[in-house]
Amino acid sequence: MRNHKLNTYGTFCNLFNKSLIVLYAFYKLSFSKDTFFKLRRMMLLLICVISFVYPFIDFPVWTD
C-alpha cells in the first residue's frame, strides 16, 4: 500500500513540474515584454493553479 502512494505522489510531482515548466516557458515567451502588471500577475497565478489541477484530469475518459 505504501509503495502505491509513493508512486502516485511521484507521478503527481512529475506531471506538476512538467506542466509548470511548459506553462512558464509559454508565459515568458508571450508576456516578457508586456507592461500590464496586473495581467502578468494574474497569468502567473493561473499557471500555478492549472499546473496543480492538471495531474488530476483524466484525459483518456474524454476520448471514449
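No value in this document is a laboratory result; all are computed from the given coordinates. Since we're looking at a predicted model, the values are computed, not measured. Methodologically, a virtual Cβ is constructed for each residue, glycine included, from the backbone with ideal geometry; neighbour enumeration extends over all protein chains shown.
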Which of the residues that make up the range 16-39 are hydrophobic (A, V, I, L, M, F, W, C) and out of contact with any Ser or Thr (no Cβ under 8 Å at 6 or more places or on another chain)? Ile21, Val22, Ala25, Phe26, Leu29, Phe31, Phe36, Phe37, Leu39
Taking the range 11-40 and keeping residues under 15 Å from Val53 (Cα atoms) and either exposed (fewer than 11 other Cβ atoms within 10 Å of the Cβ) or of a type in the set (S, T, N, Q) (or both) leaves Thr11, Asn14, Asn17, Ser19
Count of the range 25-59 residues which are in a helix (DSSP H, G or I), over 22 Å from Tyr9 (Cα atoms) and of a type outside the set (A, V, I, L, M, F, W, C): 6
